[in-house]
Every structure is written in structure tokens, then in C-alpha cells.
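What follows is a set of notes on a single structure, which appears directly below.
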Amino acid sequence: MMTDYQGDPQFRSWLERIIEDKVHEELTRERDRVFRESFAIVPVRPHCRLSDAIAGHLGKALVKQDIIVFGDGEKKAVIHENLRGKNVYVIATVGDGEDPDVSLANTCRMVSALRRTCKVNQINVVAPCLWYQAQDKTHARREPISVRDVADDLIRRGMNHIIVVELHAEQIEIAFDSFDHLKMAPLFADYLSRRLNDELNTVVLIAPDDGGVRTREELFKNMRPELLAGQASVHQLRKRGSVDEKEILDFFGEVEGKIAIIYDDMMRSGTTMFQAAEAAKKGGARKVIGVVAHFYGFDSATKGTFEARIEDSALDELITANTRPDVTARVLQSATLRSRMTILDISRYIAQAIRNYQTGGTVKDMIFRVPDKREFYSTLHEAGSQG
């Protein structure tokens, strides 16, 4: 005997919910398909882990491209896919030990090829570690402001928009016509707050030099307030005629018995960070943690290798991000760096910024609408672990 469900209101309600769910799923799939087809991701460097990870988070394959080198050393960028009418995101990373001029020149070649021959709709450069950003002002006469030259080169070749991570100085934004600045303080503050969850009223934030006050304030605003015991500053002055030597003039703040966190936007030879860490330990800090967005870690012309210097330093741990993606391989190959360094992967942060820009959002809204900042980062390596 057949059951008549035609007049059963519960059955009709159940059937309507099933249909609504199926329609919603199909609409979601169609929106995702349209979104993915609206843009393309072009890496400047082949086999770049960060570019691969960003594309993976967005459900995209990287566009096939080449930088062809001729016998006389001249280079040419070649795009192997049809990108006409698309919004293109050029992932411009710098390799460990790579000449920044080579990276910048290859990015300019790629942008020029996209504008002149690919006829794309919009060119967006993603520069996790912007070239020459420390050269944002003149220190003497007869020298350039090189980061402005970087902006001029990219804009002249056809770049419409740039996404960068943690600028050395915010005034750099004025050099570009359209700009997204991904600050690292919300991510570092979240990671540190979780790590130091039980260290109530014992954390002191330190600016390693006069220029680091801004970054320290950003970290202060994002840290859990119950952890913080105060702030401190180091006043350092670069020695005349030296590019990597400084001398400490003053240390302001109380750090005795506290955990000192020294936050800076970048670490190159490490002189600024190491001397600030030494000053904090002399002030009685029981532990000193350095935090930097961009890690270079090159050797000092006067003080030896970076590995030897960090091993002999007062710095107990250095936390950084993979804005320069080869840092992970370098750390894992060195027992000294493995024991001292923690690396955060920010590929999801950059991928979300691309999605956000592509759909008309703002960076500020993107950050504030995500209560759990772990959606933006993960840990690649923690100091002392073997992995």
C-alpha cells in the first residue's frame, strides 16, 4: 500500500529544506568557481614555497612562466598561459642570498610582460618583503631614497596595486598609488599571548632603537593587557663610518625579573637586536625574546657569522615570519638556528589578503572580523624542536 505524502506538512517541510540546502551548495560552488576564474597568480621565482602555499590556500595553480637567460646575460620574462582580462597577482619573493636587484628586475620584467602582451585587467604585486624599504629617507647629502625608485619602476611598468607585509616605515605608503599594508603585530601578539598565557604581569615590550617605537606600540595594542608589565626603550646610535655597528647610549624601563620582548620590523646583521638583548639582560631580564617580521641574518663584516653571533648573544629566542621564504630551509640546516629560532608561516594571511582585495574588502575589516588570528598563521618551526 502506497503512503500519500502529498498532504503531509512535515514531509513537505523536510523536502523544502533538502532543496534549499542543495541550491545553497550549488550557489556556493558556482561563486567559488567564478571567484577562482577571475584572477591568476604568477610567481616571480620558480619553486618558491611561499608562492605554492598562497596558491594552495586559494585553490589555484600557479601560472607557468619563465625568466629566460640569453648567452650574453640578458633576460626575458615569458608567460605560458592566456591571462587576458584577468586580475593578476605577482608573488615577488626574494631568496636567501639573492641579489635584491635581480629579484626587483625580474618582477619589473614580469609586470611589463603582463601589461604589454598579456592584456590583463589589473596587475597586483605581492611583495612580502619589499625591496629597499630601509632606504626610506636620506641620512646625508647626495644619496637616493631608493624605495621611492622601486615604486616608480613598478608603477611605470604597469602595476596597479601592491600588497606588502610590515613596512619599515609607514611613510613609504605615499610612494604608491594603491596600497595594502599587512601588519604583523596582530599575528605576533596572538602567538606570544598564547605562548605566555600564564606569565601574568611579567612581560615588558622593548623598542630596540628610536625607530622601533612605532612597531613596539603596535604590538602593545594587540597583546593581552593582563600579560604586560610595561614598556622599555633602547637608545642606540650608529657609529660614524660603519654600516653595521652601533653603540648604546641609554636604556629606559624596568625589566628586572621580567620577560623582555624586543620587537623590530627586520633583522639584517642583527647588531641592533643583539645589543638591545644584552642591555635587557644587564637590566635583569630573566628571558629575552626577539621578534622580527623580516629575517635576513647576514654575516657582519666586523663581527663574524650570524650563527656564531646569535649563539653568543643574550637573545634566548628569535621569532620571525617567512616573508623571505628560504629562511625555513636555512634554519632547519643549522643546529644553532634550530635551537634559537621560531618561524611562523603567513601564507594564509597573504592568501586571505588577496581574496579580500579581489572581493572588495579592506585589510582592517579582514583582520577585525577574524577573532581567532590562528586563521592567518601557523607554526613552521619552534625553537628547540627538531622538525
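Between Ala61 and Thr362, the modelled label-to-label distance comes to 3.8 nm, taking each label 7 Å out from Cα in the direction of the beta carbon.
Using the Karplus relation 6.51 cos²θ - 1.76 cosθ + 1.60 with θ = phi - 60°, the per-residue 3J(HN,Hα) values for segment 303-316 come to 10, x, 6, 5, 4, 5, 6, 6, 5, 8, 7, 8, 7, 7 Hz, with x marking Gly and Pro.
For segment 36-182, just say rounded, prolate or oblate: build the C-alpha gyration tensor, square-root its eigenvalues into a ≥ b ≥ c, call rounded for a/c under 1.5, and beyond that prolate if a/b exceeds b/c, oblate if not. Prolate, because a/c is 1.5 or more and a/b exceeds b/c.
With R₀ fixed at 51 Å, the C-beta to C-beta distance from Asp99 to Ile18 puts the FRET efficiency at about 0.25. Largest GNM mean-square fluctuation across Asp312, Asp52, Asp101, computed for the chain with C-alpha springs under 10 Å, falls on Asp312.
Given the pairs Lys282/Lys303; Lys221/Lys258; Lys258/Lys303, which span a C-alpha to C-alpha distance of over 26 angstrom in this model? From Lys282/Lys303; Lys221/Lys258; Lys258/Lys303, over 26 Å: Lys258/Lys303. Exposed loop sites here are trypsin sites (Lys or Arg not before Pro) assigned a DSSP state other than H, G, I, E or B and surrounded by at most 14 other beta carbons within 10 Å; excluding them, the longest clear run of the chain is 143-238.
Within the same chain, lysines fewer than 8 places from Lys76 are excluded, and of the rest, those with a Cα less than 16 Å from its Cα are Lys64. Taking 0.36 nm per residue of separation and subtracting the Cα-Cα distance, full extension of the segment from Glu226 to Arg84 would add 45.8 nm.
Go ahead and estimate [θ] at 222 nm for the chain from helices alone: -39,500 (n - 2.57) per DSSP H run with n ≥ 4, summed, over the residue count, rounded to 500.
The per-residue figure over the chain is -11000 deg cm²/dmol.
Length gained on full extension, Thr302 to His47, computed as 0.36 nm times the residue gap minus the Cα-Cα distance: 88.4 nm. Quick one: if you stick a label point 7 Å off each Cα along the C-beta vector at Arg369 and Phe11, how many nm between them? That separation, rounded to one decimal, is 4.2 nm. Among Val102, Val125, Val327, the residue with the largest mean-square fluctuation in a Gaussian network model of the chain, with springs joining Cα atoms closer than 10 Å, is Val102. List the aspartates and glutamates whose Cα sits under 20 Å from the Cα of Lys22, skipping any in the same chain fewer than 8 residues away. Answer for Lys22, where 20 Å is the Cα cut-off: Glu30, Asp32, listed by chain and number.
Each value in this text was obtained by applying a stated rule to the coordinates, not by laboratory testing. These numbers were taken from a predicted model, which means no experiment stands behind them. Cβ atoms come from the backbone with ideal geometry, glycine included; neighbour counts cover every protein chain shown.
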